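Please treat every number below as a calculation from the coordinates, not as lab data. Just so it is clear, the structure is predicted and the values come from calculations on it, not from any experiment. So basically every Cβ, Gly included, is an ideal-geometry build from the backbone, and we count neighbours across all protein chains shown.
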Amino acid sequence: MMRTLFLVLVLANVVAFIWFGWLRPSPPSPSSTPLPQVQPLKLIAELTPAQRVALAKPLAPAPAPVSPASADVSAQSCVSYGPFPSAEAAATGSTRLRAAGASVTQRLVPGKVRQGYWVYLPPFGSRREAEAAAKLLQQRGVKDLYVVTDEANRNAISLGVYSDRFGALAHQKKIRALGYRALVTERFRDAPRYWLDALGSAPQLPAAKAFADLEEGDAAIGREACSAGSRS
């Protein structure tokens, strides 16, 4: 009986030795099995030339955040208003624009303004002829006249300057009825033109009609985009 039990134990040890030594499958090596969704690591020597070049390129810097102040500045526009008829009118317009929140710069542009409509007789051949014609006109009731002495219109007879065209044409008709070839022309004088360059957002930049009460004569105050020169 004891012998049989001894043989059974020996046989069990032999079977266990064979199972754990040769027949049992070995577990997979952790280092050789890639994790799911993870690329296995590669040595530099294992990379292709293209992959090495890609790794050598520096990463592009992230774009700088735009501050609200920068966004507000980029949304601003420059608008020019003018021409204003006088320095006083330009100052009033500038005050209105600043009250609306815009920054304003005034500039002067050389220009001319209409002085009126000149009624005259064209130059005579000599001063004596011009003075004789002027005397005859005075005898016929024409009082506002004189013989011109400046170089451009020497020996012409000036018959008056009118602020409106209709008055000038009426006087021309009267002189022609007396038998003289009276002419009408516009007269201008040198005068600076006042412009305002306003920088601000759209709600701060009004339409040109906001300055209609500052206009004089038929010279309207307009609104246009600032030129490159006016922004410098």
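Find the relative contact order for the range 73-231 and round it to a whole percent, using C-alpha pairs within less than 8 Å whose residues are 6+ positions apart. Mind showing how you got there, number by number?
Working: 283 pairs, mean separation 70.0, N = 159.
Reported as a whole number, the value is 44 percent.
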*Near K209, which aspartates and glutamates are there with a Cα under 19 Å away, not counting those fewer than 8 places off in the same chain?*
E88, D197, D218, E224
*In percent, what relative contact order does the range 114-189 have, based on Cα pairs under 8 Å that are 6 or more apart in sequence?*
49
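Based on the Cβ-Cβ distance of K135 and R187, what FRET efficiency does E = 1/(1 + (r/R0)^6) give at R0 = 25 Å, to the nearest 0.05? Working shown, then result.
Numbers: r = 25 Å, r/R0 = 1.00.
FRET efficiency, K135 to R187: 0.50.
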*Residue order, fewest to most beta carbons within 10 Å, for V79, V119, V142*: V142, V79, V119
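Over the range 155-232, what is the relative contact order in whole percent, taking alpha-carbon pairs under 8 Å and six or more residues apart? Don't skip to the answer; put the middle values down first.
On the way: 25 pairs, mean separation 12.7, N = 78.
In percent, rounded to a whole number, it is 16.
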*Taking a ≥ b ≥ c as the square roots of the eigenvalues of the Cα gyration tensor of the range 88-177, is the shape rounded (a/c under 1.5), prolate (a/b larger than b/c) or oblate?*
prolate
_Sorted by Cβ density within 10 Å, fewest first, the residues T92, T185_ = T185, T92
_Out of the chymotrypsin sites (Phe, Trp or Tyr not before Pro) in the range 69-130, which ones are loop residues according to DSSP with at most 16 other C-beta atoms within 10 Å?_
none
*Using r as the Cβ-Cβ distance of K112 and K174, and R0 as 25 Å, what FRET efficiency do you calculate, to the nearest 0.05?*
0.30
_Let me check the size of the range 65-222 from its C-alpha atoms; what are the radius of gyration and Dmax in Å?_
24.4, 87
*May I ask you to work out the translational diffusion coefficient for the range 131-217 at 10 °C, viscosity 1.306 mPa s, via Stokes-Einstein with Rh from the Kirkwood sum over Cα pairs, reported in whole µm²/s?*
94
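Which whole number of Å³ per residue matches the convex hull of the alpha-carbon atoms in the range 175-216? Mind showing how you got there, number by number?
Details: hull volume 5.3 nm³, N = 42.
Enclosed volume per residue, from the Cα hull, is 126 Å³.
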